[in-house]
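Take a look at the structure below.
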Amino acid sequence: MPSVRRVSHAFLERQGLTTVFGNPGSNELPFLAELPDGFRYVLGLHEGAVVGMADGYAQATGRPVLVNLHAASGSGNAMGALTNAVASRTPLVVVAGQQVRPAIGPEANLASVDAQTLMKPLVGWAAEPACAEDVPRALAQAVFEARLQRRPTYLSVPYDDWSAEVDDNALAVLDRRVERASVPDAAQGRRLAERVAAARRPALVLGGDIDAPGLFDGAVRLAERLGCPVWAAPSLFRLPFPNRHPLFRGVLPAGIAPVCEAFEGHDLVLVLGAPVFRYHEYLPGRYLPEGTRLVQVTEDASAAARAPMGEALVADPGAVLDLLLNALGGSGERAGPYRPVPEPLTAPGAGLHPEQVFAALRDGLPADTAYVVESTSTTSAWWRQMDLRGPGSYYFPAAGGLGFGLPGAVGVAMAQPDRPVVGVIGDGSANYGITALWTAAQHGVPLTIVLLRNGTYGALRWFGGLLGVPDAPGLDIPGLDFTRVAEGYGVRARHVGGVEELRAALAEQPGRPRLIQVDTALTTPS
Ligand code: TZD
Ligand code: CA
């Protein structure tokens, strides 16, 4: 009779979940015993970094990824990082260890009390199997729920379950295949196509789900066919459209009133692959201008249900793009040349203006570089200087939880070893996921971290102004030298003083992780 462990490992192998991001404890060791040869265990030194790396890896591969965490304490450490994975719709399958069944009730040390509800608000599905024999099936459910819902799931497994024996019925899980098809029916398709064709001044709003091969190009074709303006949805975390395309109008501001203002004069707003909307700053007003209709197409049923306005079609945005392109016919106008980049701004003091740093990245690095950005006061400088034209070019913490950027860059680089990957990380943000440097060093991940050191939580100073709090303590972070921190974790690092030195440093291709620290002047996000 096979063990729960053997069947579970075989299931994970068949489903392609053979890269495990984790940080182990005693409860987890029995799951990790006898891992078959094809498995790769990626050790992270803190659970926030573990989830951040797994999140980047899963987003870049577009596939579910296994995360192994230690009981309640490890899971708790991971929760902040999971908020981002929820917002980016990343299918993380978190398997946590648990005490043996008789020790849970009496709350022995390392028992995870009420493990099913521990991560509940964040995960789309959570369970602790009712008996050992149910573990392989429950693990399969965790994987399929994560994929179908595109949301993290959580499975808590008592550690002695792994060596329990199961009968042949448990093997049925190995042959399971679970798929989804979500193409609109003929009437729904016709209605939507007629609505779009009849619009006098349509506008497109694209969300993170459109940053995928096929969809990204489909969105460009649709926009050119319609000749309409395109915005990225508010609180952008992936780039769904070339940012210098002549039809691109930028990222919608994350407030009710400014979004309404942007849509002024449009009779139809078609939202593809985004919630409606992830506002941030509370700027009340009308949701939509008088006479503007909004239609949201998303395969996220919850995003459709919770939107405060508009119509929604729960369907695959890729299928809808195909359908609209077929229905609208024609070949679309060439929309004209890409918009040129402006000269980078310079700063009066000692540090570089962030625009100078970004211009150096743009000029010096290959066009297909993937950027993982966690630098919060430099957003407008970033979009003014960058010229990103293809899918998978840009990642940002989707729920705004810091600690994604540095680990996420490691995960993206591990997922795409042939693509240049750069983390653009603020001196505040870096600290939340800093231990990922060690994992990058150990795996020799060819990754560049550009560390922007302005000595402060720049975005919070700006927020202080907006909220009428000019005197909050705890916003400055002097005395940090990331070259020494990085060296301590085994990553080669250097400080660059000026633009030319930065450009020269970027031109080197070391083939292993490196950190480049540059002092920057304080700017505002917008
Ligand atoms: N903690 C976590 C986990 N997430 C957060 N978003 C914050 C705290 C609050 N926070 C922001 O929202 S922005 C920011 C903080 C601390 C400053 C980030 O500093 P930075 O970037 O150096 O990375 P800038 O460019 O100086 O703003
Ligand atoms: Ca900073």
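The values are calculated or read from the model by the stated rules, or taken from the named source; none is laboratory data. None of the values given here were measured: they were computed from a predicted structure. All Cβ positions, glycine included, derive from the backbone under ideal geometry; neighbour counts span all protein chains shown. Surface accessibility is based on the protein's heavy atoms, side chains included, excluding ligands, DNA and RNA. Shrake-Rupley method; radii C 1.70, N 1.55, O 1.52, S 1.80 Å.
Among the chymotrypsin sites (Phe, Trp or Tyr not before Pro) within the range 338-421, which fall in a DSSP loop and have no more than 10 other Cβ atoms within 10 Å of their own Cβ?
Loop-located and lightly packed - none at all.
Apply the Karplus parameterisation 6.51 cos²θ - 1.76 cosθ + 1.60, with θ equal to phi minus 60°, to every residue of the range 269-285 and state each ³J(HN,Hα) to the nearest whole Hz, in sequence, with x for glycine and proline.
10, 9, 9, 10, x, 8, x, 10, 10, 8, 6, 10, 5, 7, 10, x, x
Find out how many positive minus negative residues lie around Leu447, taking Lys and Arg as positive, Asp and Glu as negative, among other residues whose Cβ is under 9 Å from that of Leu447.
+2
Which listed residue (Ala127, Pro64, Phe39) has the Cα farthest towards the positive end of the charge dipole for the range 4-175, taking +1 on Lys and Arg C-beta and -1 on Asp and Glu C-beta about the Cα centre?
In the range 4-175, that residue is Pro64.
Could you give log10 I(q)/I(0) at q = 0.08, 0.09, 0.10, 0.12 Å⁻¹ for the chain, computed by the Debye formula over C-alpha point scatterers of equal weight, without solvent?
-0.54, -0.68, -0.84, -1.16
Quick one: if you take sqrt(5λ) for each eigenvalue of the C-alpha gyration tensor of the range 354-519, what semi-axes come out, biggest first, whole angstrom?
Rounded to whole Å, the semi-axes are 24, 18, 16.
Magnitude of the Cβ-charge dipole of the chain, K/R +1 and D/E -1, about the Cα centre, nearest 20 debye? The partial results should precede the final answer.
On the way: 43 positive and 52 negative charges, 232 e Å.
Once rounded to the nearest 20, the dipole reads 1120 debye.
Of the accessible area of the range 91-202, with the probe set at 1.4 angstrom, what percent is carbon plus sulfur?
The nonpolar share, carbon plus sulfur, comes to 48 percent.
What ranking, highest mean first, results for peptides 385-393, 259-267 when packing means the other Cβ atoms within 10 Å averaged over each residue?
385-393, 259-267
Summing Lys, Arg as +1 and Asp, Glu as -1, what charge do residues with Cβ under 15 Å from the Cβ of Ala127 carry, Ala127 excluded?
-2
Sum up the charges of everything whose Cβ sits under 14 Å from the Cβ of His70, counting Lys and Arg as +1 and Asp and Glu as -1, but leave His70 out.
On the way: positive: none; negative: Glu28, Glu47.
For residues surrounding His70, the net value is -2.
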